[in-house]
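Asks: The structure under discussion is supplied below as structure tokens; questions concerning it will follow.
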């Protein structure tokens with residue numbers, strides 16, 4: 001194991017933060033304990049992140065809450081974990097790749113649950129055990145996960161008041177039961193003293209205006225801020241929480257959500273509701289997106305605005321439902337039949353799920369086109385402590401035809417490509433929205449000329465729109481640029497920061513607007529750049545290939561692509577330190593790293 | 001106020017004389033001579049006029065098939081979507097804009113085969129709209145393939161000698177699934193059909209009207225339907241079991257309203273006044 005000089009490592013939690021993994025079988029309270037630990041950290045003034053990961057059963061299988069808590073905002077998991085605290089070891093070995101440990105890590109299991117799995121012990125980590133179940137049993141009405149919460153929170157250096165406040169905030173049962181579980185927390189806290197130590201968080205002071213939010217919730221809020229008032233959707237992991245957040249929220253703001261019978265219904269329902277004049281959205285994951293494509297094509301052809309949030313998971317087919325991957329990109333940009341221009345946007349962080357979804361509503365409404373938002377399980381189901389995002393002016397506003405508009409033609413060939421859309425209820429502008437090709441008046445037409453006019457119109461309106469600065473997050477400078485999108489942005493940003501600490505400069509270009517492709521914008525962003533590295537989380541280098549097809553990239557662009565479900569970590573997107581000051585959490589998996597090489 | 005609300009507020013509505021012609025677009029239908037769908041179109045415009053609807057406040061929604069061309073032949077707002085999804089699109093229209101009158105129209109292939117699942121759930125959901133199926137027991141637009149209501153021994157190129165599969169019973173399915181109004185009509189009786197459609201539109205909740213509409217091109221024997229149909233000899237019931245027993249035991253040519261239920265329709269529109277958007281943020285404070 002290399003010693004380290006890097007700023008982000010186990011012995012310096014003030015920069016890299018503190019990383020804690022809670023694991024056990026599904027239903028054992030792992031996620032609750034993790035959520036409360038993050039909430040306590042927020043109350044104490046920390047920033048942080050909790051990633052959820054579970055086996056394919058979602059409930060009843062193995063589950064883990066992966067936390068990183070720090071003084072500064074956190075956008076990705078660290079290279080490894082200071083603490084692995086397991087409630088039981090049932091199938092927890094399956095997380096060996098997702099919970100990297102080293103010799104400085106601490107493993108704590110339950111005394112009554114057997115030995116820690118070899119895969120974890122082999123890392124050289126210290127191993128300890130505590131009779132957590134027994135301790136909980138000794139306090140009637142208390143739960144094992146509360147003992148674990150007290151232990152982990154105390155090891156992390158979180159004040160007891162913060163832990164208690166987190167529990168009180170979420171408590172829905174009676175006072176006696178609360179008291180029992182507070183006692184369990186205290187029992188866990190007391191046991192922390194003898195079990196071995198991990199780095200503690202520095203002294204923190206609570207900050208104002210922070211939010212504790214998941215990407216799915218942020219996307220839902222962004223949608224409502226953008227003007228969405230109708231949602232039809234079918235439950236699917238990992239998008240369901242977005243819908244569950246939106247259902248009551250929409251009802252509060254005068255909108256509604258309908259659980260449809262399937263994704264074919266969801267998409268066609270929102271084509272209908274948006275045709276009727278109400279900004280509309282659905283959320284799904286890969287299998288649902290596949291079912292929806294015919295309906296999205298209808299929205300392209302009939303020029304009906306709508307937003308589809310695709311919370312990506314491992315694919316193809318049922319794939320890995322509860323774990324993240326960025327592998328729907330190719331499908332989102334090209335998965336419709338015919339020449340079908342559509343908008344594809346990707347949030348660059350959990351917080352940005354709000355802004356990007358709000359922007360997607362704005363774009364869809366302004367351009368009368370479907371917009372696909374590429375979120376993923378990592379962003380959607382992770383919960384983060386963030387600064388309250390700034391308010392954005394993006395509100396959906398569509399160009400609407402006036403009553404009795406003279407010579408009204410729904411699909412008029414205008415210079416911008418956008419033509420006034422008639423709204424049912426308004427007299428004198430009735431038309432039939434159609435998936436058939438049509439002439440400017442909207443009458444079905446199979447003539448070559450009408451087809452070309454309408455194809456041009458639908459492509460032009462997206463190509464000519466001024467997307468402003470929102471098209472990408474661009475940071476830093478240098479001859480090397482790293483191009484990425486979506487949830488890979490966080491790890492890349494951290495990798496660039498670490499490389500900077502070692503004297504290597506690199507520019508970050510995280511593309512929020514994936515389609516339509518804007519080659520001039522990227523040319524401008526890459527002025528002076530000699531080398532390009534493309535980073536993404538999928539097996540087929542989908543983003544790299546998309547960029548190669550649509551953009552002229554300088555030099556010989558390199559691709560770093562790895563499939564899920566291992567969470568994207570800066571370790572994987574970081575310069576290999578040739579001076580020997582290797583990273584603390586280096587694992588014997590060199591192919592997982594790429595080099596920020598300057599040729 | 002979003003752009004839709006602004007446009008609606010600004011719209012002036014001159015009072016127009018309401019006749020069946022008010023609801024015709026003037027576009028010449030692309031149907032074979034003798035097709036039952038001409039009469040159905042006429043019945044629809046008659047029913048709209050009887051109810052004194054406004055064309056701009058009426059939306060006709062369809063999927064794909066010969067009969068699904070119908071929206072463009074009316075002067076109403078029309079939605080000609082993809083195959084089988086008319087009921088889904090119409091549900092979206094009605095939930096978004098409860099004040100609009102929504103009529104969904106299509107054929108037996110569109111509604112019972114590719115769109116079968118939506119049929120079940122539209123009946124179940126009981127949203128206030130009317131669904132008419134112009135049933136001719138054949139896929140006409142693709143030139144004569146068997147549909148779910150085709151007789152099992154009907155010979156065709158795609159299924160030589162017949163499918164061997166029993167026909168689907170849409171009325172029983174509708175009753176079992178919870179449709180709130182169920183009727184059978186015949187295209188050859190445009191006035192009677194218009195009466196039934198007006199009843200169906202007026203009835204709260206999801207109304208389903210199966211219209212026997214002959215395809216004289218691929219099922220010329222359906223010309224005989226005009227001899228076979230007869231008014232239902234019973235009065236409308238609100239007991240779905242009774243209605244189901246009747247339609248399962250009749251000859252399939254009983255015409256009239258068969259069932260008018262009293263299920264509460266799907267609730268539409270906001271249930272409480274909206275709160276400011278900033279109030280949604282409170283829950284995110286740590």
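Asks: Rounded if a/c is under 1.5, else prolate if a/b is larger than b/c, else oblate: which is the range A:212-387, with a ≥ b ≥ c the root eigenvalues of its Cα gyration tensor?
Replies: Details: a/c = 1.42, a/b = 1.10, b/c = 1.29.
Because its axes are fairly even, with a/c under 1.5, the range A:212-387 counts as rounded.
Asks: Please work out the C-alpha center-to-center distance from the range A:290-350 to the range A:33-82 and express it in whole Å.
Replies: With the range A:290-350 and the range A:33-82 each reduced to a Cα centre, they are spaced 28 Å.
Asks: What percent does the relative contact order of the range A:13-194 come to when contacts are Cα pairs within less than 8 Å and at least six residues apart? Could you put the intermediate results ahead of the total?
Replies: Working: 396 pairs, mean separation 40.2, N = 182.
Relative contact order comes out at 22 percent.
Asks: Okay, next question. Hey, what angle do you get for helix A:448-463 against the long axis of chain A, alpha-carbon based, 0 to 90 degrees rounded to 10?
Replies: 40 degrees
Asks: Looking only at chain A, where both bridge partners belong to it, what percent of the DSSP beta bridges are antiparallel (to the nearest 5)?
Replies: On the way: 32 of 79 bridges.
For chain A, the DSSP antiparallel bridge percentage is about 40.
Asks: Right, next: Mean separation of Cα pairs under 8 Å and 6+ residues apart, divided by the residue count of the range A:212-387: what relative contact order is that in percent? Kindly include the intermediate steps, with their values, before the conclusion.
Replies: Details: 413 pairs, mean separation 54.9, N = 176.
Here the relative contact order equals 31 percent.
Asks: Let me ask another. Measuring from label point to label point, each 7 Å out along Cα→Cβ, what is the residue A:262 to residue A:527 span in nm?
Replies: In this crude spin-label approximation the distance works out to 5.3 nm.
Asks: Also, quick follow-up: Could you give the semi-axes, largest first, of the ellipsoid that matches the protein assembly as shown, computed as the square roots of 5 times the alpha carbon gyration tensor eigenvalues and rounded to whole Å? Display every interim value, and only then the final one.
Replies: Details: eigenvalues 635, 195, 114 Å².
Semi-axes (√(5λ), whole Å): 56, 31, 24.
Asks: How high is the FRET efficiency from residue B:242 to residue A:416, r the C-beta distance, R0 41 Å, rounded to 0.05?
Replies: Details: r = 60 Å, r/R0 = 1.46.
Given R0 = 41 Å and the Cβ-Cβ separation, E is 0.10.
Asks: Using only the Cα atoms of the range A:325-391, what do you get for the radius of gyration and for Dmax, in Å?
Replies: 13.3, 43
Asks: Right, something else. Using alpha-carbon pairs under 8 Å, 6+ residues apart, how would you state the relative contact order of the range A:399-465 in percent?
Replies: Numbers: 102 pairs, mean separation 21.8, N = 67.
RCO, the range A:399-465: 33 percent.
Asks: Can I ask one more? Given a Förster distance of 25 angstrom, what is the FRET efficiency for residue A:449 paired with residue A:392, based on the Cβ-Cβ distance and rounded to 0.05? List each step's numbers first, then the result.
Replies: On the way: r = 41 Å, r/R0 = 1.63.
E between residue A:449 and residue A:392, to the nearest 0.05, is 0.05.
Asks: Sort A:432, B:45, A:282 so the one with the fewest other Cβ atoms within 10 Å of its own Cβ comes first.
Replies: On the way: A:432 28, B:45 25, A:282 32.
By the 10 Å Cβ count, ascending: B:45, A:432, A:282.
Asks: Could you list B:80, B:137, B:230 so that the one with the fewest beta carbons within 10 Å of its beta carbon is first and the one with the most is last? Working shown, then result.
Replies: Values: B:80 26, B:137 22, B:230 13.
In increasing order of surrounding Cβ atoms, one gets B:230, B:137, B:80.
Asks: On average, how many beta carbons from a partner chain sit within 10 Å of the beta carbon of a residue in A:291-304? List each step's numbers first, then the result.
Replies: Details: counts 0, 0, 0, 5, 5, 0, 1, 6, 1, 0, 2, 4, 0, 3.
Average neighbour count from other chains, rounded to a whole number: 2.
Asks: Under the 0.36 nm per residue contour assumption, what length would be gained going from the current alpha-carbon distance of residue A:464 and residue A:550 to full extension?
Replies: Numbers: separation 86, 0.36 × 86 = 30.96 nm, distance 1.64 nm.
That works out to 29.3 nm of additional length.
Asks: Please find the FRET efficiency linking residue A:168 to residue A:190, where r is the Cβ-Cβ separation and R0 is fixed at 30 Å, and quote it to the nearest 0.05. Walk me through the numbers before you get to the answer.
Replies: Numbers: r = 20 Å, r/R0 = 0.67.
Computed FRET efficiency for residue A:168 and residue A:190: 0.90.
Asks: Averaged over its residues, how many other protein chain Cβ atoms are within 10 Å of peptide B:115-121's Cβ atoms?
Replies: On the way: counts 3, 0, 4, 7, 0, 1, 4.
Mean shielding count: 3.
Asks: Measure nothing but the geometry: give the 0 to 90° angle between the long axis through the Cα atoms of A:240-252 and the longest principal axis through the Cα atoms of chain A, rounded to 10°.
Replies: The angle comes out at about 70 degrees.
Asks: Is the range B:1-149 best put as rounded, prolate or oblate by its Cα gyration tensor, with a ≥ b ≥ c the root eigenvalues, rounded for a/c under 1.5, and otherwise prolate when a/b is larger than b/c, oblate when not? Walk me through the numbers on the way to the answer.
Replies: Working: a/c = 2.22, a/b = 1.37, b/c = 1.63.
Note, shape of the range B:1-149 comes out oblate.
Asks: Can I ask one more? Which of rounded, prolate, oblate describes chain B, given a ≥ b ≥ c as roots of the alpha-carbon gyration tensor eigenvalues and a/c under 1.5 marking rounded, otherwise prolate only if a/b is larger than b/c?
Replies: prolate
Asks: Roughly how many nanometres apart are two label points built 7 Å out from the Cα toward the Cβ at residue A:505 and residue B:17?
Replies: Rounded to a tenth, the inter-label distance reads 8.0 nm.
Asks: Just the number, please: percent antiparallel of the DSSP beta bridges in the range B:177-286, rounded to the nearest 5. Working shown, then result.
Replies: Working: 4 of 13 bridges.
Here the share of antiparallel DSSP bridges comes out near 30 percent.
Asks: On to the next question. Express in whole angstrom the spacing between the alpha-carbon centres of the range B:156-202 and the range B:10-76.
Replies: 20 Å
Asks: Same structure again: For peptide A:430-443, compute the average count of partner chain beta-carbon atoms within 10 Å of each residue's beta-carbon. The partial results should precede the final answer.
Replies: Details: counts 13, 7, 17, 9, 8, 8, 4, 0, 2, 0, 0, 0, 3, 3.
That average works out to 5.
Asks: Taking chain B as the reference, fit the longest principal axis to its C-alpha atoms, fit the long axis of helix B:190-202 to the helix C-alpha atoms, and give the angle between the two in degrees, 0 to 90, nearest 10.
Replies: With rounding to tens, the tilt is 30 degrees.
Asks: Of all DSSP beta bridges located in chain B, what percent are antiparallel, nearest 5? Show your work: numbers first, answer last.
Replies: Details: 6 of 36 bridges.
If I count the DSSP bridges inside chain B, around 15 percent turn out antiparallel.
Asks: Starting with the fewest neighbours, write out A:51, A:231, B:61 ranked by other beta-carbon atoms found within 10 Å of each beta-carbon. Please report the intermediate quantities before stating the final value.
Replies: Values: A:51 25, A:231 30, B:61 35.
Least to most surrounded, the residues fall as A:51, A:231, B:61.
Asks: Any chance you could check the Cα centroid distance between the range A:398-475 and the range A:193-215 for me, in angstrom?
Replies: First find each Cα centre; the distance between them is then 52 Å.
Asks: At residue B:9 and residue B:234, where each label point lies 7 Å from the Cα along Cα→Cβ, what is the point-to-point distance in nanometres?
Replies: Computed distance between label sites residue B:9 and residue B:234 equals 5.3 nm.
Rule-based calculations on the coordinates, nothing more; no lab input. Please read all numbers here as calculations on a predicted model, not as lab measurements. Every residue, glycine among them, receives a Cβ derived from its backbone with ideal geometry; neighbour counts consider all protein chains shown.
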